[in-house]
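The values are calculated or read from the model by the stated rules, or taken from the named source; none is laboratory data. This one's a predicted model, so the numbers in the text were calculated from it and none came from an experiment. Here the Cβ positions follow ideal geometry from the backbone for every residue, glycine too, while neighbour counts run over all protein chains shown.
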């Protein structure tokens, strides 16, 4: 039992949370302009609005110019604050519901995308982690940079674990959905689904592949087997885990080429697996090394100067 | 990075309650996700099934694709961009309401109005055609070019 509990709460350095805050809060701003970018337009033309379950459950108001514009401004302001790791919990608790609502509106016209699970979960778990300095801290300079804080924390580990589980769930549950879509049989990988997708979204790479249905079937098999095995990555370590991550990033590159579906909001969350906390120590070590190299170089230069001086003196 | 001080400190552990609550929340999330995948629909976002491209398409399926073409007052024929920035309507919406549009082609007026409102400096639509392209598969292979079929025509009101 304790082992299971500890698996959900590994000790991970707070620096990884700080890096994720900066990267993900900035990514949210990008997302609002590049991916889920029609929320404000839906505020202007709410005619097609079909509220999803969560919106009905919380009786969220119909999108309007006023509420979507407010949402936009609030998100930009608090994402920028959160990204600096200043008042990260306050900013985080505002960004999480605000962005969830933003995406909820964006997906309320009959089409729901499945690439936002990990990002939304990340936004909800990040503010549960207290930063290294306790309580309110109004001093501008901190004695430990949050990006370098090697304090290992179970709270941080839990947040990271939740993001990792959500990333993996995105793949594993896709495989489940494929079984369900085929009436709980393994009919999907042998079906003409990719042909169908390419015919409806034609472009050069896809149209070339249409001539080789067997290649599309191979891709479907590789895809579904990869998705089924994805949970293994949660228990892999080091290089093997990196290899697993690279497989899925390659999977997304292929999907982008064939279907023009990028899944970047999920891809960015793979960073929860990366030992981001090592960036600052690595950088400092490099700098220290180059400084000691330079010092050594300067010492040689001085010796050289000394010799020259002696020679000159002897001349 | 001035002011960076490296400290390797002992781990900060969670209290019993904090740990328990977190584990329960994580398990509840997993249960909701699995439940969504097994039983729910897209309506349950973010706990719905990951059903993009999860459908089965038979080897002899007919693949349909609905589009709208427009004759403009500049004398050209163009494909209407079916997205919120183009004509203000998404393709999914048109596909979902094809039956209604066939019965009542005046619904296409909204497409022309949407285009004119968003692109006041571009040629206006004078006539719209709702077209369904059908591509047939034989043994999982595309068999010939798509066959277009005009489902509805609408002379745009000024």
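Numerical summary
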| quantity | calculated |
| --- | --- |
| Check on residue A:47, more than 18 Å from the chain's Cα centre (by Cα) and either in contact (Cβ under 8 Å) with a residue 24 or more places away in the chain or not in a helix (DSSP H, G or I) (or both) | no |
| Members of region B:43-65 that are in contact with a strand residue (DSSP E or B) (Cβ under 7 Å, 6 or more places away or on another chain) and outside any loop (DSSP other than H, G, I, E, B) | B:62, B:63, B:64, B:65 |
| Tally of residues being within 14 Å of chain B (Cβ to nearest Cβ) and more than 24 Å from residue A:128 (Cα to Cα) across region A:58-83 | 3 |
| Matching option when the condition is at pLDDT 90 or above, farther than 28 Å from residue B:50 by Cα and not in a loop (DSSP other than H, G, I, E, B), among A:239, A:307 | A:239 |
| Region B:67-84 - residue that is within 11 Å of chain A (Cβ to nearest Cβ) and farther than 15 Å from residue B:113 by Cβ and, of those, farthest from the chain's Cα centre (by Cα) | B:67 |
| Boolean, residue B:60 is under 28 Å from residue A:194 (Cα atoms) and surrounded by fewer than 15 Cβ atoms within 10 Å (Cβ to Cβ) | yes |
| Given (1) farther than 30 Å from residue B:148 by Cα; (2) touching a strand residue (DSSP E or B) at 6+ places or on another chain (Cβ under 7 Å); (3) surrounded by 17 or more Cβ atoms within 10 Å (Cβ to Cβ), number of the condition residue B:11 does not satisfy | (3) |
| Helices (runs of 4 or more DSSP H) contained in region A:153-233 and holding at least 3 residues at pLDDT 95 or above, at the interface with chain B (Cβ under 7 Å from one of its Cβ atoms) and surrounded by 17 or more Cβ atoms within 10 Å (Cβ to Cβ) | A:154-181 |
| Failed criterion for residue A:148 (all others in (1) more than 7 Å from chain B (Cβ to nearest Cβ); (2) over 29 Å from residue A:51 (Cβ atoms); (3) in contact with a helix residue (DSSP H, G or I) (Cβ under 8 Å, 6 or more places away or on another chain); (4) not in a helix (DSSP H, G or I) hold) | (1) |
| Matching helices (runs of 4 or more DSSP H) fully within region B:66-158 where at least 2 residues are in contact with a helix residue (DSSP H, G or I) (Cβ under 8 Å, 6 or more places away or on another chain) | B:91-96, B:98-103 |
| Checklist (1) at pLDDT below 95; (2) crowded, with 19+ Cβ neighbours inside 10 Å applied to residue A:139, failing item | (2) |
| Which numbered condition residue A:258 fails, given (1) in contact with a helix residue (DSSP H, G or I) (Cβ under 8 Å, 6 or more places away or on another chain); (2) buried (at least 18 other Cβ atoms within 10 Å of the Cβ); (3) without any contact (Cβ under 8 Å) to a residue 24 or more places away in the chain; (4) over 28 Å from residue B:39 (Cα atoms) | (3) |
| Number of the exception - residue A:39 against (1) within 28 Å of residue A:164 (Cα to Cα); (2) surrounded by 14 or more Cβ atoms within 10 Å (Cβ to Cβ); (3) modelled with pLDDT of 95 or more | (3) |
| Enumeration of residues in region A:266-276 that are in a helix (DSSP H, G or I) and either modelled with pLDDT under 95 or more than 11 Å from chain B (Cβ to nearest Cβ) (or both) | A:267, A:268, A:269, A:270, A:271, A:272, A:273, A:276 |
| All positions within region A:180-198 that are closer than 20 Å to residue B:62 by Cβ and under 31 Å from the mean Cα position of the chain (by Cα) | A:181, A:182, A:188, A:193, A:194, A:195, A:196, A:197, A:198 |
| Residue match in region B:85-103 (condition: surrounded by 14 or more Cβ atoms within 10 Å (Cβ to Cβ), within 12 Å of another protein chain (Cβ to nearest Cβ) and at positive phi) | yes |
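Here's the yes/no breakdown for (1) in a loop (DSSP other than H, G, I, E, B); (2) surrounded by fewer than 17 Cβ atoms within 10 Å (Cβ to Cβ); (3) out of contact with any strand residue (DSSP E or B) (no Cβ under 6 Å at 6 or more places or on another chain):
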{"site": "A:3", "(1), (2), (3)": "no, yes, yes"}
{"site": "A:17", "(1), (2), (3)": "no, no, yes"}
{"site": "A:21", "(1), (2), (3)": "no, no, yes"}
{"site": "A:33", "(1), (2), (3)": "no, yes, yes"}
{"site": "A:55", "(1), (2), (3)": "no, no, yes"}
{"site": "A:62", "(1), (2), (3)": "yes, yes, yes"}
{"site": "A:77", "(1), (2), (3)": "no, yes, yes"}
{"site": "A:81", "(1), (2), (3)": "no, no, yes"}
{"site": "A:85", "(1), (2), (3)": "yes, no, yes"}
